[in-house]
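Quick notes on the structure that follows.
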Amino acid sequence: MLKDITLGQYFSGNSILHRLDPRIKIIAVLFFAVSVFIAKNVYSFAFLLLSVILLTLVSGISYKIVLKSIKPVLVIVIFTAVINLFFTKADETPLIDWLFITVYPRGIKTAVFMIVRILTLIVGTSLILTYTTSPIALTDGIERLLSPLKKIKVPVHEFAMMMTIALRFIPTLLEETDKIISAQKARGAGFDEGGLMKKAKAFLPILIPLFISAFRRADELAVAMECRCYRGDEGRTRMKELKMQGRDVTALILAVLFTACIIFFNTLPTTLSI
Amino acid sequence: MIKLENVSFDYSDAEDLIPADKVINNISLEIEKGSFVAILGHNGSGKSTLAKLFNGILIPKSGRVTVDGMDTSDEDLLFDIRRRVGMVFQNPDNQIVATTVEEDVAFAPENLGVEPSEIRRRVAEALETVGMTRFRQHSPSQLSGGQKQRVAIAGIIAMKPECIIFDESTAMLDPQGRKEVLDTITKLRQDGMTVVLITHYMNEAVYADRVIVMNDGNVEMDAPPRQIFSKVERLKEIGLDVPQVTELIFKLREAGYSLPHDLVFPEEGAEAIEKLILEHKQR
């Protein structure tokens with residue numbers, strides 16, 4: 001019942017995007033997000049669209065999956081477009097002026113640009129980060145990127161370890177939830193009947209045993225980790241070292257160039273801008 | 001290598017007014033390097049508590065536990081004690097830390113600060129020993145109970161300990177998984193590992209060179225398996241079973257057949273009975 005939940009949305013593969021150092025990908029995503037937000041005319045938005053299409057091709061992930069990722073944000077996209085369409089005011093002759101509805105050319109422009117902005121942001125960041133980076137590589141990347149913060153006593157390693165353990169135990173706890181649900185059903189509990197309140201209440205007998213078991217597991221895991229000489233970050237080495245390679249440097253340069261291009265395109269004269 | 005001197009333990013806190021019952025009652029014993037010791041006892045006999053005293057998970061309330069001369073009550077020595085005495089627990093799920101088999105086996109050497117290339121070597125070696133090399137990249141949730149427990153054992157082997165304690169490590173496994181784990185233990189024995197096996201399965205204990213029987217926090221018996229299992233009546237009194245062969249022979253002896261009293265392996269039992277039948281035929 002709960003087995004088919006996929007978390008992290010990672011699609012394994014062997015493209016150049018998959019093989020990049022996670023640290024570089026995190027930095028690249030920051031550059032990408034900034035670029036999306038500073039883009040303001042037709043040239044820069046066209047460039048954004050083009051690069052997202054390029055990213056899709058490079059990632060080797062099917063365009064169907066990529067299109068699917070848009071689905072959950074579709075409502076937001078439509079909502080933003082409609083708001084921009086009807087509520088943008090400008091000092092020009094409206095295209096439509098009927099009863100209380102007025103639509104200016106500027107409104108249409110803004111609406112279209114907003115759609116492109118949200119879609120490229122979602123698709124671009126998923127392609128660079130979540131689709132092509134396994135959760136564990138991502139955690140690793142975050143830990144190393146933030147490691148300078150250790151100097152000011154931010155428990156970076158501990159947070160990363162918590163993330164790893166959480167990722168490790170998601171399938172285990174899902175399996176356990178399934179078992180508890182079956183056990184409760186076997187004793188006549190109904191989870192599909194009644195109103196919302198009744199349904200919510202029916203989940204209490206699942207949550208309580210699940211929590212108790214999770215705490216017990218945490219306790220045992222802590223002892224097992226101590227038995228394997230775990231003492232936090234102190235003197236710890238890693239089997240898989242992250243090493244910057246030529247392609248990583250190239251990717252970083254490309255990310256910087258990308259933002260530079262957007263800034264350049266923004267300066268080109270055009271009437272199609274916001 | 002592990003030495004207990006007049007060790008007592010109970011689970012009370014300092015602020016408890018009524019002292020809790022002693023779980024371990026003034027025990028002295030020594031686990032020798034290279035030996036294979038099985039610790040038997042019914043539930044609540046203190047056998048798991050005893051195991052947890054061996055590598056400093058629990059600290060004795062009185063008395064002293066030393067590992068290679070290092071006192072477990074000295075917190076600064078715990079790291080060195082634990083790298084020498086590894087422990088495999090009952091539930092394999094609650095011992096695996098990482099999201100892939102390989103990463104999990106690497107966990108202990110990583111904590112010890114071993115060089116990355118050496119970690120890889122150790123991981124490969126440990127997975128080879130437990131026969132899980134094929135599953136290196138798998139996620140733990142894709143494995144069976146026995147396989148997970150073997151990964152947990154590999155995680156300890158990669159630490160290169162001198163002794164491994166198995167705290168009822170086969171209790172949650174199906175017969176197939178139990179066999180896998182026992183075969184791994186046999187293999188470790190051949191490599192000269194000191195093994196302490198805590199169990200309530202009698203047929204696992206027969207392979208040990210020494211069996212310690214715990215009862216109510218005391219060492220009830222401490223002898224080689226043949227001597228232990230010949231005391232069928234006493235074992236039953238304290239709520240333990242004997243191996244099926246031993247039980248059969250015991251009943252036959254009671255019925256008046258002359259058979260040796262210290263048989264623990266099915267094969268030798270069968271042989272002895274065959275011999276007896278042949279003798280009867282000849283007569």
For the protein assembly as shown, with only Lys/Arg (+1) and Asp/Glu (-1) charged at the beta-carbon, what is the dipole magnitude about the Cα centre, in debye rounded to 20? 2500
Along the charge dipole of segment B:2-224, pointing to its positive end and built from +1/-1 on Cβ of Lys, Arg, Asp and Glu, which listed residue (B:Gly41, B:Gln190, B:Leu77) has its Cα farthest out? B:Gln190
Magnitude of the Cβ-charge dipole (Lys and Arg +1, Asp and Glu -1) of segment B:24-82 about the Cα centre, nearest 20 debye, reported as 360
Projected area of segment A:67-171, taken from the Cα convex hull and averaged over every viewing direction, in nm²? 10.9
Summed over the other residues with a beta carbon less than 11 angstrom from that of A:Pro205, with K and R at +1 and D and E at -1, the charge totals +3
What distance in nm lies between label points placed 7 Å from Cα along the C-beta direction at B:Arg120 and A:Ala90? 5.9
Dipole of the protein assembly as shown (Lys/Arg Cβ +1, Asp/Glu Cβ -1, origin at the Cα centre): which of A:Ser35, B:Gly146, A:Leu50 lies farthest to the positive side? A:Leu50
How much mean residue ellipticity at 222 nm does chain B get from its helices, if each DSSP H run of length 4 or more adds -39500 (n - 2.57) and you divide by all residues, to the nearest 500 deg cm²/dmol? -12000 deg cm²/dmol
If the reach is capped at under 17 angstrom between alpha carbons, list the lysines near A:Lys40, excluding any in the same chain fewer than eight residues apart. A:Lys109
Restricting to the protein assembly as shown, compute how many DSSP beta bridges are antiparallel as a %, nearest 5. 50
Once both axes come from the Cα atoms, what is the angle between helix B:145-157 and the longest principal axis of chain B, in degrees from 0 to 90, rounded to 10? 60
Counting other beta carbons within 10 Å of each Cβ, put A:Asp97, A:Asp233, A:Asp91, A:Asp248 in order, fewest first. A:Asp91, A:Asp97, A:Asp233, A:Asp248
So, with +1 on the Cβ of K and R and -1 on the Cβ of D and E, and no other charges, what is the size of the charge dipole of segment B:2-224 about its Cα centre, to the nearest 20 debye? 760
If you rank A:Thr56, A:Thr237 by fewest surrounding Cβ atoms within 10 Å, what's the result? A:Thr237, A:Thr56
How far apart, in nanometres, would the label points at B:Glu267 and B:Glu233 be if each is projected 7 angstrom from Cα along the Cα-to-Cβ direction? 3.3
So the angle from the long Cα axis of helix A:156-186 to the longest Cα principal axis of chain A, reported in degrees to the nearest 10, equals 70
Using the Cα gyration tensor of the protein assembly as shown, the equivalent ellipsoid's semi-axes, largest first and to the nearest Å, work out to 63, 27, 23
In the neighborhood of B:Lys281, defined by Cβ-to-Cβ distances under 12 Å, what is the net charge if each Lys or Arg adds +1 and each Asp or Glu adds -1? 0
Other chains' Cβ within 10 Å of A:230-238 residues: what's the mean? 5
So, in Å, what gap is there between the alpha-carbon centers of segment B:167-193 and segment A:57-101? 61
For every helix of n ≥ 4 consecutive DSSP H residues, a contribution of -39,500 (n - 2.57) applies; sum these over chain A, divide by its total residues, and give [θ] at 222 nm rounded to the nearest 500 deg cm²/dmol. -21500 deg cm²/dmol
In what sequence do B:His200, B:His42 fall when counting other Cβ within 10 Å, fewest first? B:His42, B:His200
For A:Leu17, the net charge from surrounding residues (Cβ-Cβ under 13 Å; K, R +1; D, E -1) works out to +1
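Every number here is computed from the coordinates shown, using simple stated rules; none is lab data. A quick note: this is a predicted structure, and the numbers were derived from the prediction, not measured. Note: ideal-geometry Cβ built from the backbone for every residue, glycine included; neighbour counts use all protein chains shown.
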